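Below is one structure, written out as structure tokens; comments come after it.
The values are calculated or read from the model by the stated rules, or taken from the named source; none is laboratory data. Given the structure is predicted, the values throughout are model-derived calculations rather than measurements. Cβ atoms come from the backbone with ideal geometry, glycine included; neighbour counts cover every protein chain shown.
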Amino acid sequence: MEQNVAKAKISYARISSRKVKVVVDLIRNKSVGEALAALKFTPKAAAELVEKLLKSAIANAENNHGMDVEKLYVAEIYATQGPTLKRIRPRAQGRAFRIRKRTSHITVVLKEKN
């Protein structure tokens, strides 16, 4: 049987996946303690979202899978592009410019170190 894993996911987060990937790359393959510390002091909008998601995954691991929090590490974490909300901004001479409000789906997978 495969090793126990705990997952958490945010769908349709109102932030571009490109901005999230910068933060996500900081905590990949780190222990959850290190990852939370890194996120706490990262001055990016995505850091808050990812921190909340990581805490959710930790709670899932502890309560649903009976895993030891001290042994957990971030095995996988990725952000993919969600649907884009299209909005219109009026411009000069009756023209209209398109505004793209991008969304993303963020997934984190935790595993226990042996």
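Couple of notes before you dig in:
- Residues being of a type outside the set (D, E, K, R) and surrounded by fewer than 13 Cβ atoms within 10 Å (Cβ to Cβ) - total across the range 49-79: 3
- Cβ pairs under 7 Å, 6+ apart, first in the range 51-64 and closer than 20 Å to Ala79 by Cα, second small (Gly, Ala, Ser): Leu53/Ala8; Leu54/Ala35; Ser56/Ala8; Ala57/Ala6; Ala57/Ala8; Asn60/Ala6; Asn60/Ala8
- Number of the exception - Lys9 against (1) charged (D, E, K, R); (2) in a helix (DSSP H, G or I); (3) farther than 22 Å from Asp68 by Cβ: (2)
- Qualifying residue in the range 96-112 (condition: among the acidic types (Asp, Glu), farther than 15 Å from Ser11 by Cβ, in contact (Cβ under 8 Å) with a residue 60 or more places away in the chain and surrounded by 13 or more Cβ atoms within 10 Å (Cβ to Cβ)): yes
- One residue stands out among those in the range 19-32 that are in contact (Cβ under 8 Å) with a residue 12 or more places away in the chain and exposed (fewer than 14 other Cβ atoms within 10 Å of the Cβ): the one that is nearest to the chain's Cα centre (by Cα), which is Val22.
- Number of residues in the range 82-95 that are surrounded by fewer than 10 Cβ atoms within 10 Å (Cβ to Cβ) and either in contact (Cβ under 8 Å) with a residue 12 or more places away in the chain or part of a helix (DSSP H, G or I) (or both) equals 4.
- Restricting Ala37, Ala79, Ala57, Ala47 to residues that are part of a strand (DSSP E or B) and small (Gly, Ala, Ser) narrows the list to Ala79.
- Number of positions in the range 12-34 that are of a type outside the set (Lys, Arg), in a helix (DSSP H, G or I) and either over 20 Å from His65 (Cα atoms) or modelled with pLDDT of 95 or more (or both): 9
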